[in-house]
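**Q** Below you'll find the structure I mean.
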Amino acid sequence: MSNKKVLITGGSGFLGSHLCEKYLEKGYDVICMDNLITGNIENVQHLFNEPNFEFVKYDVTNFIYVKGDLDLVLHFASPASPIDYLEMPIQTLKVGSLGTHKALGLAKDKGARFLLASTSEVYGDPLTHPQKETYWGNVNPIGFRGVYDEAKRFAEAMTMAYHRFHKLETRIVRIFNTYGPRMRLNDGRALPTFMTQALRGEDITVFGDGSQTRSFCYVDDLVEGIYRLSQSDEVYPVNIGNPSEITIREFADEIISLTGSKSKVIYKELPKDDPQVRQPDITRAKEIIGWEPQVHRSEGLKRTLDDFRKRV
Ligand code: UDP
């Protein structure tokens, strides 16, 4: 019997590259597709010797052609950090809308299962806490983050339409803040920025007064959750994230103490529409796929620091 085959769009990004490894480990043939505008080929370079791994440089907002059978499509292509989608607003909208449509069309043609990488950003600046999947969100469609939030909301709607109208097998994961090795040093997000600043002895730039909260999940936990969801029968969105919540100010302090840095915290203007709180309710993930995070932040940050030390 031949291996199962998965196409991972955005496969050389931070999450995509960890997913490529996971599905190879699970015995899949993996096609990694990426146009490399925010992905990095170095994230998957170590996989080029694997006979079951293939890399295709391609922009998935165009018609996608893949030769032969496919069992699974994981749609992870998108700029995903606030500074990226501020710099690439049109590409962000296109990959969430046109790219999702093309990836769904491919899955339909191949009779493959489709899994959408959605996001806690569909909840916007949430008015309920923690966020359950049943919450519809508080999103500013014309704000700077709207290009990402609305593209992902559209992507969820499109995915459900393919499920309901074309009977496609679909899965939707709502991903909360995730961190780990291979995050881009300059992607502008809190963790890579703080860690790079701490290692260089530069000021740590906390936005606003740092009282806003996030809940950070280690990448291995996230990838396990996504793998399990892809093997499950659940059609409706499932939050995957670590409920352990922390203020950004405390997070900066944790990184300073972990690195033993002499860096000082300085405060900068809070970006527009920056969510004040964010924490996943993972009751559904526990019930449906028996998943909860295993890696404590202290351990996850250590592993991430080992990777950052080599690159900063
Ligand atoms: N943040 C910060 N300093 C930075 C980068 C980010 O204080 O140099 C804050 C940001 O305003 C937000 C939080 O850290 O409140 C998490 O930001 P990130 O960009 O990591 O992801 P988000 O959860 O906002 O998508």
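**Q** From the list P89, P130, which one is over 19 Å from S17 (Cβ atoms), in contact (Cβ under 8 Å) with a residue 40 or more places away in the chain, within 16 Å of the ligand (Cβ to nearest atom) and over 18 Å from the mean Cα position of the chain (by Cα)?
**A** On the way: P89 fails: over 18 Å from the mean Cα position of the chain (by Cα).
Being over 19 Å from S17 (Cβ atoms), in contact (Cβ under 8 Å) with a residue 40 or more places away in the chain, within 16 Å of the ligand (Cβ to nearest atom) and over 18 Å from the mean Cα position of the chain (by Cα) holds for just one of P89, P130, which is P130.
**Q** Still on this structure, please answer the following. Could you run through region 253-270 and say how many residues are of a type in the set (A, V, I, L, M, F, W, C) and assigned to a loop (DSSP other than H, G, I, E, B)? Talk me through it step by step, then tell me what you get.
**A** The first filter runs over region 253-270 and keeps only residues of a type in the set (A, V, I, L, M, F, W, C), leaving 255-256, 258, 265-266, 270.
Retained after the next criterion (residues that are assigned to a loop (DSSP other than H, G, I, E, B)): 270.
Final tally of qualifying residues: 1.
**Q** From the set of residues in region 253-270 that are of a type outside the set (S, T, Y) and closer than 16 Å to L191 by Cβ, which is nearest to the ligand (Cβ to nearest atom)?
**A** Per the stated criteria, the residue is V265.
**Q** For a quick check of your reading: which strands (runs of 3 or more DSSP E) sit entirely within region 116-221 and have at least 2 residues that are surrounded by fewer than 20 Cβ atoms within 10 Å (Cβ to Cβ)?
**A** It comes to 204-207.
**Q** Would you confirm whether any residue within region 232-252 is within 15 Å of the ligand (Cβ to nearest atom), in a helix (DSSP H, G or I), at pLDDT 95 or above and in contact with a Gly (Cβ under 6 Å, 6 or more places away or on another chain)?
**A** Yes - at least one qualifying residue is present in region 232-252.
**Q** Hey, does region 81-94 have a residue that's among the aliphatic types (A, V, I, L, M), in contact with a Phe, Trp or Tyr (Cβ under 8 Å, 6 or more places away or on another chain) and at pLDDT below 95?
**A** yes
**Q** Another one. How many residues are part of a strand (DSSP E or B) and not aromatic (F, W, Y) when one looks only at region 45-65?
**A** 3
**Q** Looking at (1) over 26 Å from G180 (Cβ atoms); (2) touching a Ser or Thr at 6+ places or on another chain (Cβ under 6 Å), which one does P79 not meet, given that it meets all the others?
**A** (1)
**Q** Could you tell me which residue of region 222-267 is surrounded by the most Cβ atoms within 10 Å (Cβ to Cβ), considering only residues that are of a type in the set (V, I, T) and within 23 Å of C20 (Cβ to Cβ)?
**A** In this case the residue turns out to be I240.
**Q** In addition: Go through region 271-296 and give me each residue that's within 16 Å of the ligand (Cβ to nearest atom), assigned to a loop (DSSP other than H, G, I, E, B) and of a type outside the set (V, I, T).
**A** P271, K272, D273, D274, P275, Q276, R278, Q279, listed by residue number.
**Q** Exactly one of (1) of a type in the set (V, I, T); (2) crowded, with 23+ Cβ neighbours inside 10 Å; (3) without any contact (Cβ under 8 Å) to a residue 60 or more places away in the chain is unmet by T38. Its number?
**A** (3)
**Q** From the list D84, D69, exactly one residue is within 16 Å of the ligand (Cβ to nearest atom) and either among the acidic types (D, E) or crowded, with 21+ Cβ neighbours inside 10 Å (or both). Which is it?
**A** On the way: D69 fails: within 16 Å of the ligand (Cβ to nearest atom).
Checking each option against the conditions leaves just D84.
**Q** Considering only region 140-155, I want to know if a residue exists there that is more than 16 Å from the ligand (Cβ to nearest atom) and under 15 Å from the mean Cα position of the chain (by Cα). Working first, answer last.
**A** So in region 140-155, the residues more than 16 Å from the ligand (Cβ to nearest atom) come out as 141-142, 154-155.
Filter again for under 15 Å from the mean Cα position of the chain (by Cα), leaving 155.
Yes, the conditions are met somewhere in region 140-155.
**Q** If the Cβ limit is 6 Å and pairs must be 6+ apart or interchain, which residue in region 204-222 that is farther than 20 Å from L258 by Cα and within 12 Å of the ligand (Cβ to nearest atom) pairs with which residue that is at pLDDT 95 or above and not basic (K, R)?
**A** F207/L270; G208/L270; S211/T247; Q212/I248; Q212/Q276
The values are calculated or read from the model by the stated rules, or taken from the named source; none is laboratory data. Quick caveat: nothing in here was measured; it's all calculated off a predicted structure. As a convention, Cβ positions derive from the backbone with ideal geometry for all residues, glycine included, and neighbour counts pool all protein chains shown.
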